Amino acid sequence: MKIGFIGLGRMGAPMARRIREAGYDLLVYDINSAQMLIMQKAGALPAKSASMLATHTKCIILMLPDSQSVQAVVEGEQGLLATLQPGSVIVDMSTSNPLVTRRLGAALERQGSIMIDAPVSGGVGKAETGNLTIMVGGDERTYQHMIPVLKTLGYYIEHVGPLGSGHTVKVLNNLLSATHLLATVEVLSAGLKMDIDPEKMLKVINTSTGRNLSSEYKLPNFILNRQFDSHFSMDLMCKDISIAHDLINALKCPAFLPGVVTQLWYRANEKGGRGYDHTEIVRLYEEWLEMELKPGANRS
């Protein structure tokens with residue numbers, strides 16, 4: 001199978017490499033010419049535009065920053081719609097707005113092509129090792145057809161529903177992740193004010209009912225050690241939780257936390273000049289505390 005891959009960013013580049021290393025013929029396109037050259041040296045063929053890529057393959061994977069980028073690649077000038085072959089499959093692995101995904105899917109279907117959404121979770125490290133979680137929305141038969149390719153990228157792959165379902169699960173998952181990171185920072189901050197070492201408090205939490213991914217992984221590995229190098233930006237977290245918040249509002253779901261969570265993340269992002277790693281959310285609380293959340297930070 002010949003595969004086209006559009007979007008060679010921090011996540012897309014290692015994913016594209018894994019597909020090439022699995023033995024697939026790979027055509028790539030990105031506006032970053034340096035990334036294109038790197039992939040060419042790895043054995044991929046570069047395309048001059050998305051539309052040119054679509055003339056040479058009927059299976060195209062998108063790994064782009066947001067829905068606006070996906071729309072531009074699909075519908076814009078030199079976009080996929082101009083040259084897609086009948087029967088083409090578009091796999092959007094970006095984190096996109098599910099309502100936009102459904103609209104684009106309908107437009108592609110009118111031209112005889114099929115879109116499925118397959119966003120990922122796990123970060124750059126798991127993209128490099130092929131251990132991503134992949135949540136897929138769309139036609140069941142197309143999903144089954146794409147499983148061999150998806151298995152080069154992820155260890156856990158789940159078909160979660162019709163088109164847009166993958167993107168829905170992804171943004172709601174990231175909203176939950178953003179919420180438990182905030183909650184963990186807040187309770188550690190309260191402990192710190194009571195002269196409790198946050199590292200010791202975490203040890204207790206992680207053997208108790210309050211444990212979560214943030215307490216077990218993010219706090220010890222990126223925050224307490226002051227590294228802040230999770231390789232997932234606060235800007236992207238804000239984008240994802242904003243999509244989730246807007247979707248919840250559009251669906252008129254009873255949800256009270258997302259509004260507060262979204263406001264706090266956006267406030268922290270503004271303070272960081274949109275340059276923060278997402279784990280630097282702690283800096284917002286440290287400013288209020290006038291103390292740093294780190295081992296030995298208690299005053300006893």
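Charged side chains reduced to their Cβ positions (Lys and Arg at +1, Asp and Glu at -1) give the chain a dipole of some 420 debye around its Cα centre.
Springs join every pair of Cα atoms under 10 Å in this Gaussian network model of the chain, and among S208, S88, S113 the largest mean-square fluctuation is at S208. Normalised Debye scattering of segment 168-289 at q = 0.13 Å⁻¹ gives log10 I(q)/I(0) of -0.51, counting only Cα atoms as equal scatterers and leaving out solvent. Extension gain for Q227 to E290 (0.36 nm times residue separation, less C-alpha to C-alpha distance): 20.7 nm. Roughly speaking, what is the centre-to-centre gap between segment 106-133 and segment 267-281 when only Cα atoms are used, to the nearest Å? Between the Cα centre of segment 106-133 and that of segment 267-281, the gap is 27 Å. Distances between placed amide hydrogens fall under 5 Å for S113 paired with G87, all partners being 5 or more residues away or on another chain. The DSSP beta bridges internal to segment 1-60 are antiparallel in roughly 0% of cases.
Provide the percentage of antiparallel DSSP beta bridges, counting only those with both residues in the chain; round to the nearest 5. Within the chain, antiparallel bridges account for around 15 percent of the total. The dipole here belongs to segment 168-289: it is taken about the Cα centre, uses +1 on the Cβ of Lys and Arg and -1 on the Cβ of Asp and Glu, and is about 240 debye. All other residues whose Cβ lies under 10 angstrom from that of H159 are scored, Lys and Arg at +1 and Asp and Glu at -1, for a net of -3.
Among Y155, Y143, the order by Cβ neighbours within 10 angstrom, fewest to most, reads Y155, Y143.
Legend: distances between Cα atoms for K126/K218; K170/K252; K41/K218; K2/K126; K48/K239; pairs beyond 27 Å are K41/K218; K48/K239. Footprinting exposure proxy ranking of T57, T168, T83, T129, fewest other C-beta atoms within 10 angstrom first, gives T129, T83, T57, T168. Screening the chain for whole DSSP H helices of 30 Å or more along their axis (Cα) with average Kyte-Doolittle hydropathy at least -0.5 returns 165-193. Neighbours of T83, meaning other residues whose beta-carbon lies under 13 angstrom from its beta-carbon, give a summed charge of 0 when Lys and Arg score +1 and Asp and Glu score -1.
Only Lys, Arg, Asp and Glu carry charge here, each on its Cβ (+1 for the first two, -1 for the last two); on that basis segment 1-104 has a dipole of about 240 debye about its Cα centre.
Relative contact order of segment 168-289, taken over Cα pairs closer than 8 Å and 6 or more residues apart, is 33 percent. The alpha carbons of segment 215-258 stretch over 40, 19, 10 Å along the principal axes, in descending order.
Computed from the alpha carbon positions, the gyration tensor of the chain leads to an equivalent ellipsoid with semi-axes of 38, 20, 17 Å, biggest first. Placing unit charges on the Cβ atoms of the charged side chains and taking the dipole of segment 2-162 about its Cα centre, the candidate lying farthest along the positive direction among I60, L37, P119 is L37.
If you take all other residues with their beta carbon under 12 Å from the beta carbon of M234, and give Lys and Arg +1 and Asp and Glu -1, the sum is 0.
Every number here is computed from the coordinates shown, using simple stated rules; none is lab data. Owing to the predicted nature of the structure, the values given are computational and were not obtained by experimental measurement. Virtual Cβ from ideal backbone geometry, glycine too; neighbours counted across all protein chains shown.
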